[in-house]
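The values are calculated or read from the model by the stated rules, or taken from the named source; none is laboratory data. This structure is a prediction, so every number in the text was calculated from the model and none was measured. Note: ideal-geometry Cβ built from the backbone for every residue, glycine included; neighbour counts use all protein chains shown. Ligands, DNA and RNA are excluded from the accessible area calculation, which covers all protein heavy atoms including side chains. Shrake-Rupley method; radii C 1.70, N 1.55, O 1.52, S 1.80 Å.
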There are 2 protein chains.
Amino acid sequence: MNSVIGYYTTQFGELWDKSLFDLVEEAIAGVLKQNKLANEQIDAVFFGNMLAGVLENNLHSTSKIAEILKVNIPIFRAEAACASGGAAFNLAKTYLEANSNKNVLVVGAEKMTDYSPEEAITGLSAASSGEEQEAGLTFPGLYGMMANYYLEKYHYTEENLAYVSVKNHFHGSLNNKAHFRRKITVKDVLSSPYVAFPLKVLDSSPISDGASAVIITNNRDLIKKQKNSVSVLASEVITDTISLKSRKQIDEILATKIATDVAFKKAKISRRDIKVAEVHDCFSIAEILAMEDLGFWEKGTGGNKITELSTMFGNGGSLIVNTSGGLKAAGHPVGATGIKQIGEIFLQLTNQAEKRQVKNAKYGLAHNVGGSGGTAVVTILGI
Amino acid sequence: MNSVIGYYTTQFGELWDKSLFDLVEEAIAGVLKQNKLANEQIDAVFFGNMLAGVLENNLHSTSKIAEILKVNIPIFRAEAACASGGAAFNLAKTYLEANSNKNVLVVGAEKMTDYSPEEAITGLSAASSGEEQEAGLTFPGLYGMMANYYLEKYHYTEENLAYVSVKNHFHGSLNNKAHFRRKITVKDVLSSPYVAFPLKVLDSSPISDGASAVIITNNRDLIKKQKNSVSVLASEVITDTISLKSRKQIDEILATKIATDVAFKKAKISRRDIKVAEVHDCFSIAEILAMEDLGFWEKGTGGNKITELSTMFGNGGSLIVNTSGGLKAAGHPVGATGIKQIGEIFLQLTNQAEKRQVKNAKYGLAHNVGGSGGTAVVTILGI
């Protein structure tokens, strides 16, 4: 069995005094120190990053990580848009399944705030189809279409969406690594300016800098030595068409549904066993659709369910969602997001989540999406 | 054991009427048809591509391949500069080691000639270190430094380098998929203009378009049904620092040496068993250094050895190198190169190499390099 034995994340936010590789270096040093591992004890590295090529003409990052680690090992970069981190983790898990007694470092990072919003948004739109790019559709535009369809079909309003952001900002206020740490109200969300109708600024995750790293291992002696470790019960990547027009339904992400079903079958647990989940809330609508696609909520009920705030910390619910603050409040340095989600579940399951610690959680799930649903990664962890 | 059971490559060259995904689609359709496989029989896809993000703001290519295949499976993109194809193949092999009874499609592609040479060269320089980029060092510049050092250290001249291109252009003349199919002479090379002293136009691989695909599988029933199959005896990826200034030696690529030693140990064969090799000749000097680093030639003897042309087809040598024409003459659509190299070895070992067929080859090696040596992938195939 593969275990996550350590997690470190840099601050998420506008980190103008740090380069991409400053952040990567901090995350690597942080997680190695935590596990008292020397560079030479790492057998392979998997790196998740989306935009360094587009934004700063920086490719072949694997060799730049070799420059940091000063070791000659296999290092791979995975890119699957906003699911780059989840994809890197999945490849690392596969590597461990094929190789026994190994320690693998998984790092995700993105440096986005040194560029104009236009540059970042143009880069992000590289994840959508050529046709959608040519039509001028941005990601807020694509998720806006999904939101319009969902709200109309199930008779919800923009107010229903707003509760996602209220919850996740509350969680962000409990996480000192989060990009945004202020609480917001439904009124704040509703009075924020539109980005792409019906989505507003406060329905949307920010452009952030940050790097996150985990160590996964199948070295039994090393696992035994650790105070904290969680088992990787499942990690599934499923890819789907990217154009919304190719989808049968635009108010669901089919890749999430397929990945989730396979993941629960492999993990041999039920949805009810999951006490904490990090789901991909790039926009408020995305969290609602994700909760339905993951099978936690019945299709079409999410707009109502979210207003109960049962998934908010401190309300006594049986499943707490996005305790990190999610993409919305913790921030969304794209390549780091999938690793941070897994790291947050690791913190929760090992009682290291401090002010936002959910009690008695034995199982947790992380859900990472690329683009408007072209990739989904579902990871289930357990102690 | 994993086996390569099929290979298809598009024409390499200036393919102005085809987009990146036109080429990918042709390569996928070609290899599936060859193996009489339906899309639904593919369990996972690994895609090697370097520059689509930088040149055409095209990322998340995994979901665009899902759009072509119309199936919901795991699809991954690997990026390791010019070793992206080799890295994708290596990840596919690891996937098969972790999962039994699976068929994996590996595709590599690059679309480079729709852009100005300045755009392509700037994109390619993304593979080098930030410092090297800032100093204005291009890849010809970096390999030029390596060449100068080697020529001076071992008392060779530019004429020694020229033989690499003469040989590889001769091979290109025998390969109807090659970008360049004309034979050239030592005099042609020496009279071509300098790109970066001492390297000239005819010491350098071109900027090309193309896509190549292979199927690898561990499904025994499927392997039995195939007329042609070769075993993957080893595939090793090693990463190294990318800055030349961080290297102990600049006339060797350490990553190649380490990957090769591990690969031969795993394959349980000796260097002498290899009858055909595709080595990474992005510049003439690169093939000479590679032959030394791979252990085929003693260190420092390569400049002399190449002038004997014993590695040229038809000269009766015991090891024939770059029968495809290499990067120099077959062309260098970056992401495709690593797959084409493996595909060429597949053709040779299964007697499908037509006019350039090397007789009685049971073992072959493919060697793919990223940047100025930050990544090396060594793959050994056998029948």
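Screening chain A for DSSP H helices whose Cα atoms reach 18 Å or more along their own axis and whose mean Kyte hydropathy is at least -1.0 gives A:20-34, A:84-98, A:139-154, A:158-172, A:254-267, A:334-349.
For n ≥ 4 DSSP H runs only, could you compute -39500 (n - 2.57) per run for the protein assembly as shown, divide by its residues and tell me the 222 nm figure to the nearest 500? Could you put the intermediate results ahead of the total?
Working: 30 runs with 299 residues, N = 766.
Theoretical 222 nm ellipticity from helices: -11500 deg cm²/dmol.
Please express the shape of chain A as an equivalent ellipsoid: the semi-axes are the square roots of 5 times the eigenvalues of the C-alpha gyration tensor, given largest first in whole angstrom.
Numbers: eigenvalues 180, 108, 73 Å².
After diagonalising the Cα gyration tensor, the semi-axes are 30, 23, 19 Å.
A cut-off of 5 Å between modelled amide H atoms, ignoring neighbours fewer than 5 places along the same chain, links A:THR375 with A:ASP240, A:GLY370.
With unit charges on the beta carbons (Lys and Arg positive, Asp and Glu negative) and the dipole taken about the Cα centre of region B:84-241, which residue among B:THR122, B:VAL230, B:THR138 sits farthest to the positive side? So the residue furthest toward the plus end is B:VAL230.
When you restrict to C-alpha pairs under 8 Å that are six or more residues apart and normalise by the size of chain B, the relative contact order lands at 27 percent.
Past 23 Å, Cα to Cα: identify those pairs from A:LYS177/A:LYS225; A:LYS275/B:LYS70; B:LYS18/B:LYS102; B:LYS167/B:LYS275; B:LYS299/B:LYS359; A:LYS268/B:LYS70, in the order given.
Details: A:LYS177/A:LYS225 27 Å; A:LYS275/B:LYS70 35 Å; B:LYS18/B:LYS102 31 Å; B:LYS167/B:LYS275 16 Å; B:LYS299/B:LYS359 28 Å; A:LYS268/B:LYS70 29 Å.
Violating the 23 Å limit, Cα to Cα: A:LYS177/A:LYS225; A:LYS275/B:LYS70; B:LYS18/B:LYS102; B:LYS299/B:LYS359; A:LYS268/B:LYS70.
Its Cα gyration tensor gives region A:141-265 an equivalent ellipsoid; the semi-axes, largest first and in whole Å, are 33, 24, 13. If the Kirkwood radius is taken over C-alpha pairs of region A:43-160, then at 20 °C and 1.002 mPa s the Stokes-Einstein diffusion coefficient equals 129 µm²/s. Placing one equal scatterer on every Cα of region A:325-383 and applying the Debye formula, the log10 ratio I(q)/I(0) at q = 0.22, 0.28 Å⁻¹ is -0.90, -1.21. Around the Cα centre of chain B, unit charges on the Cβ atoms of Lys, Arg, Asp and Glu (plus for the first two, minus for the last two) sum to a dipole of about 1680 debye.
Enumerate the residues in region A:165-191 having an amide nitrogen under 13 Å from the point lying 7 Å beyond the Cα of A:VAL201 toward its Cβ. Within reach of a label on A:VAL201, which here means backbone N under 13 Å from a point 7 Å along Cα→Cβ, region A:165-191 contributes A:188-191. Net charge dipole, the protein assembly as shown: roughly 2880 debye, given to the nearest 20, about the Cα centre with Cβ charges of +1 for Lys and Arg and -1 for Asp and Glu. Each residue of region A:192-201 was assigned a 3J(HN,Hα) from its phi angle through the Karplus expression (A = 6.51, B = -1.76, C = 1.60, θ = phi - 60°), giving 7, x, 5, 9, 8, 3, x, 8, 10, 3 Hz with x at Gly and Pro.
May I ask you to derive the FRET efficiency for A:LYS266 and A:ILE68 from their Cβ-Cβ distance with R0 = 30 Å, giving the value to the nearest 0.05? Mind dumping the intermediate values first?
On the way: r = 34 Å, r/R0 = 1.12.
The calculated FRET efficiency here is 0.35.
Pairwise Cα distances in the protein assembly as shown exceed 52 Å for 11 percent of all pairs.
On a per residue basis, region B:132-273 carries 45 Å² of accessible surface, using protein heavy atoms and a 1.4 Å probe.
Determine the relative contact order of region B:13-106: mean sequence separation of Cα pairs under 8 Å and six or more apart, normalised by residue count, in whole percent.
Once normalised by length, the contact order is 34 percent.
Report, in whole Å, the centroid distance computed from the Cα atoms of region B:338-383 and region A:226-243. Taking the Cα centre of each part, region B:338-383 and region A:226-243 sit 34 Å apart. Shielding by partners for peptide A:114-125, expressed as the average number of C-beta atoms from other protein chains within 10 Å of each residue's C-beta, is 1.
Candidates B:GLY316, B:ALA277, B:SER372 compared by Cα position along the dipole of region B:272-383: farthest toward the positive end lies B:GLY316, with charges placed on Cβ. Dipole of chain A computed with +1 at Lys/Arg Cβ and -1 at Asp/Glu Cβ about the Cα centre; of A:ALA27, A:VAL186, A:VAL104, farthest Cα towards the positive end is A:VAL104.
Using only atoms on other chains, find how many Cβ atoms lie within 10 Å of each Cβ of peptide B:75-88 and report the average. Display every interim value, and only then the final one.
Values: counts 8, 12, 8, 6, 11, 9, 6, 1, 3, 3, 0, 0, 5, 1.
What the average comes to for B:75-88 is 5.
Label separation (A:LYS36 vs A:ASN101): 2.1 nm, computed from points 7 Å beyond Cα along the C-beta direction.
What ranking, highest mean first, results for peptides B:230-239, A:355-364 when packing means the other Cβ atoms within 10 Å averaged over each residue?
Details: B:230-239: 24.4, A:355-364: 17.1.
Answer by packing, highest mean first, reads B:230-239, A:355-364.
Diagonalising the gyration tensor over the Cα atoms of region B:221-348 and scaling each eigenvalue by 5 before taking the square root yields semi-axes of 25, 19, 16 Å, largest first.
Using the Kirkwood formula on the Cα atoms of region A:122-170, what hydrodynamic radius do you get, in angstrom to one decimal? So the Kirkwood estimate lands at 12.4 Å. Using C-alpha pairs below 8 Å separated by at least 6 residues, the relative contact order for region A:232-314 is 26 percent.
Sorted shortest first, the distances from the B:GLY300 label point to those of the same residue in the other copies are 8.1 nm; each point sits 7 Å from Cα along Cα-to-Cβ.
Computed from label points 7 Å out along Cα-Cβ, the spacing between A:SER19 and A:LYS153 is 4.7 nm.
Considering all different alpha carbon pairs of region B:77-117, the Kirkwood hydrodynamic radius works out to 11.8 Å. For region B:97-159, a crude dipole built from +1 on the beta carbon of Lys and Arg and -1 on the beta carbon of Asp and Glu, taken about the Cα centre, is about 360 debye to the nearest 20. Taken as Cα centroids, region A:83-150 and region B:124-178 sit 35 Å apart, rounded to the nearest whole angstrom. Here region B:1-73 has an Rg and Dmax of 13.2, 40 Å, counting Cα atoms alone. The calculated FRET efficiency for A:GLU131 paired with A:MET1, based on their beta-carbon distance and R0 = 35 Å, is about 0.20.
Measure off, as a whole percent, the carbon and sulfur share of the 1.4 Å-probe accessible area of the protein assembly as shown, all protein chains present.
On the way: 13170 of 26100 Å².
Solvent-exposed carbon and sulfur of the protein assembly as shown make up 50 percent of the total.
Would you please name the trypsin sites (Lys or Arg not before Pro) within region B:27-123 that are DSSP coil residues with at most 16 other C-beta atoms within 10 Å of their C-beta?
Values: sites: B:LYS33, B:LYS36, B:LYS64, B:LYS70, B:ARG77, B:LYS93, B:LYS102, B:LYS111; in loops: B:LYS36, B:LYS70, B:LYS102, B:LYS111.
Answer in residue order: B:LYS36, B:LYS70.
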